[in-house]
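**Q** Take a look at this one; I'll ask things after.
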Amino acid sequence: MKIWQACCGIGIVSFAVGYIGVQLDWASNNAPAWVQAVGSIVAIFTAIWIPWHQQRLAAQSAERTAANEMRALLELLELELLMNIEALQTTVGPMLEADEQNGAFLAEYPVPANPVEIFNALLPKIGIVQPAELRTQIVRASNACGGLAMNFSYNNRLASAWNQLNMQARRTQSPEDLHAVADARRELESYGPLLRSQWLLAKGEIGKTLSQLNAVLR
């Protein structure tokens, strides 16, 4: 039932009551019965309309609350993605894109414990994010960020092992230790292209998501 329909109903009932009031012969014995009948109709209509109107107001309030909550989550997600990309671009990004060190990324990058915490909070409600293109892009960007974090964690383990072996080989100068250092370096070099590829993927997906979020939120 629409608001205009309810107003029309009220108008019709009011007109009917007024018309009956004008036409009714108040001296007639039937007048009390007519008054009672009209009163009953008005009471029934009021009993239906008031609860409906209250439910409508409650539903509108719930919709506004949900929309405000979703907007707040999207704004936090935007901030999370901005912080992730800026942190990477100002630290390891330039080194990754420069393709230095013969393909091996020797630095250990401190990976956040949960780089997509806001996305995880949004995930149970991701189905109501509109438009659908934004919903899909958010998932792609967050998956890329999570994948990049795992890649960095694995590369950190390789780099840590290489650094420890390298320090040991410098002390001992033994052929076995030098050979172990060379093996660890080759493993880093073979993993470097995958790390760079994931970085470029995450960078691109984050950029697309931020652009779409900006269009929706602004």
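The values are calculated or read from the model by the stated rules, or taken from the named source; none is laboratory data. Predicted model only: the values in this text are computed from it and were never measured. Glycine gets a Cβ as well: all are built from the backbone with ideal geometry, and neighbour counts include every protein chain shown. The area values use the complete protein model at the heavy-atom level, side chains included, leaving out ligands, DNA and RNA. Shrake-Rupley method; radii C 1.70, N 1.55, O 1.52, S 1.80 Å.
**Q** Take the Cα of Ser160, step 7 Å along the line toward its Cβ, and report every residue of segment 101-131 whose backbone nitrogen sits under 12 Å from that point.
**A** Flagged as within label range: 108-111.
**Q** Oh, and also: Quick one: Karplus J couplings for segment 154-170, per residue in order, coefficients 6.51, -1.76, 1.60, θ = phi - 60°, nearest Hz, x for Gly and Pro?
**A** Couplings: 5, 5, 4, 5, 5, 5, 5, 5, 5, 4, 5, 5, 5, 5, 5, 5, 5 Hz.
**Q** Might you tell me the accessible area per residue for segment 78-218, computed with a 1.4 Å probe and given in Å²? Don't skip to the end; give the middle numbers.
**A** Numbers: 7620 Å² over 141 residues.
Averaged over the residues of segment 78-218, the accessible area is 54 Å².
**Q** Enumerate the calculated ³J(HN,Hα) couplings along segment 116-133 in order (Karplus 6.51 cos²θ - 1.76 cosθ + 1.60, θ = phi - 60°), each rounded to whole Hz, writing x wherever the residue is Gly or Pro.
**A** Values, residue by residue: 10, 5, 5, 4, 4, 6, 7, 3, x, 10, 4, x, 9, 6, 10, x, 4, 4 Hz.
**Q** A further question on this structure: Run the accessible area of segment 66-116 with a 1.4 Å probe and give the carbon-and-sulfur part as a rounded percent. Numbers along the way, then the final one.
**A** Details: 1610 of 2790 Å².
Ligands and nucleic acids excluded, carbon and sulfur reach 58 percent.
**Q** From the square roots a ≥ b ≥ c of the eigenvalues of the alpha-carbon gyration tensor of segment 63-218, which class results: rounded (a/c under 1.5), prolate (a/b over b/c), or oblate?
**A** Working: a/c = 3.61, a/b = 2.96, b/c = 1.22.
Here segment 63-218 falls in the prolate category.
**Q** Among residues other than Leu76 whose Cβ falls under 12 Å from its Cβ, what is the net charge (Lys/Arg +1, Asp/Glu -1)?
**A** Working: positive: Arg71; negative: Glu69, Glu75, Glu78, Glu80, Glu117.
Surrounding charge for Leu76 is -4.
**Q** Provide the gained length on full extension for the span Thr91 to Leu123, in nm with one decimal, where the gain is 0.36 nm per separating residue minus the Cα-Cα distance.
**A** Fully extending the segment from Thr91 to Leu123 adds 8.6 nm.
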